[in-house]
Amino acid sequence: MKNGNLKIAVQKSGRLSEKSLELIEESGIKLTQEGKLKLISVGQNFPVELLFLRDDDIPQYVADKVADIGIVGENEVMEQDKPVDIADRLGFAKCRLSLAIPQDIKYNGLTFFIGKKIATSYPVILEKFLKEKKINAEIHEISGSVEIAPSIGLADAIFDIVSSGSTLISNRLKEVEIVTRSEAVIISNREMTSEKKQILEKLLFRVHSVLNAKNNKYILLNAPNGNLDKIIQLLPGMKSPTIMPLAEKGWSSLHSVVNENDFWQIIEKLKEYGAQGILVIPIEKMIV
Ligand code: PRT
Ligand code: ZN
């Protein structure tokens, strides 16, 4: 183990673990062990070392330089408020932190919460929000199963992570206010050596090319020459689309890159403009 390795804290087991390791591996980094059973894993072809920890501990460990960077939910970063920087947003483990109340109780705005008891595992985020909104409520901190608090008479409302919303529904609760949103982020220590900063930059470059590739698709199609102009407008690509004449007169083959978000809309238009033989191919890496 070299001292100069960039130490990356990742969640040992939980919602972030698999995607965190996948991202590192897709960035071309080969790790020594099948991570999960071990406490540490080392990059064989890139100077990193992975530390497997509980997600709650990651912001503190990064602030204390036990790890140089970490992959963690933004909610933990906000809650713990440690002196770390957010180096990148990763687009997975997306969720929201919301206030919810029993389904059968009428809700008419934030003033509902005045004088009420709210159960949560995120007291810091909630307190900040209530203060900002000048709502005086009682925060009851509990560490797990927050969603059952109203039904057992422990609280009038809850403040918790919501993703699909099914946990709320099965506990007869309704989401009434979205306080903030969260996704997995890379956090970094604020006093890294220039050597480590360089490794981080290289890593972030790779991570971007993986994330860009996930968000884009390579598209090939045949188009009637009469509509090429309109189709080019639709498919700007990375610079502009590649166009090659087909053996069949009056037709061209066109290659480009499209963003996942606009994908179906673009396909519908392409069909309208007479495109045929449309092939869509995943991209493994995308360097922009
Ligand atoms: O053991 P360790 O402390 O490491 O893990 P943990 O149990 O504290 O965390 P884990 O693995 O459950 O979650 C890690 C991170 O994933 C969180 O900090 C969030 O950033 C993110 N995340 C994304 C979620 C969810 N979605 C999520 N749905 N974390 C928790 N949930 C829970 C939520 O608490 C609620 O009980 O799922 C339930 C709601 O889900 P829906 O789909 O029913 O709405
Ligand atoms: Zn945790």
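Observations on the structure shown:
- Flag for A157 being within 13 Å of ligand 1 (Cβ to nearest atom), open to solvent by less than 40 Å² (accessible area, probe 1.4 Å) and in the same structural domain as K174 (by TED's automatic domain parsing): no
- One residue from L53, L16, L39 being away from ligand 2 (no atom under 13 Å from the Cβ) and either outside the structural domain of K128 (by TED's automatic domain parsing) or more than 19 Å from L200 (Cβ to Cβ) (or both): L39
- All strands (runs of 3 or more DSSP E) inside the stretch 1-98 with 2 or more residues being open to solvent by 10 Å² or more (accessible area, probe 1.4 Å): 6-11, 40-42, 48-53, 85-89
- Applying a threshold of 6 Å to beta carbon distances and a minimum spacing of six or more residues, or different chains, the list of pairs starting in the stretch 240-251 at a residue that is among the small types (G, A, S) and ending at one that is not in a strand (DSSP E or B) reads G250/N225.
- Test: residue in the stretch 244-265 that is of a type in the set (F, W, Y) and closer than 30 Å to C95 by Cα: yes
- Hits in the stretch 168-183 - residues which are open to solvent by 70 Å² or more (accessible area, probe 1.4 Å), farther than 11 Å from A100 by Cα and either within 16 Å of ligand 2 (Cβ to nearest atom) or in contact with a strand residue (DSSP E or B) (Cβ under 9 Å, 6 or more places away or on another chain) (or both): R181
- In the stretch 209-238, the qualifying residues are those that are part of a helix (DSSP H, G or I) and in contact with a helix residue (DSSP H, G or I) (Cβ under 6 Å, 6 or more places away or on another chain), and the one that is most open to solvent (accessible area, probe 1.4 Å) is N215.
- Residue list for the stretch 113-131, filter: among the β-branched types (V, I, T) and either in contact with a helix residue (DSSP H, G or I) (Cβ under 6 Å, 6 or more places away or on another chain) or open to solvent by less than 20 Å² (accessible area, probe 1.4 Å) (or both): I118, T120, V124, I125
- Residue among E201, E284 that alone is part of a loop (DSSP other than H, G, I, E, B), within 28 Å of the chain's Cα centre (by Cα) and surrounded by fewer than 15 Cβ atoms within 10 Å (Cβ to Cβ): E284
- Some residue of the stretch 271-278 being closer than 29 Å to E25 by Cα, in contact (Cβ under 8 Å) with a residue 40 or more places away in the chain and among the aliphatic types (A, V, I, L, M): no
- For beta carbons closer than 6 Å, sequence separation of 6+ or different chains, a first residue in the stretch 13-29 that is more than 22 Å from R54 (Cβ to Cβ) and a second that is more than 10 Å from ligand 1 (Cβ to nearest atom), the qualifying pairs are E26/V210; S27/R206; S27/V207; S27/V210; I29/G43; I29/F46.
The values are calculated or read from the model by the stated rules, or taken from the named source; none is laboratory data. Nothing here was measured: the structure is a model prediction, and the numbers come from that model. Here the Cβ is made from the backbone with ideal geometry for all residues, glycine too, and neighbour counts use every protein chain on show. For the accessible areas, the whole protein counts, side chains as well, though only heavy atoms, and no ligand, DNA or RNA atoms are used. Shrake-Rupley method; radii C 1.70, N 1.55, O 1.52, S 1.80 Å.
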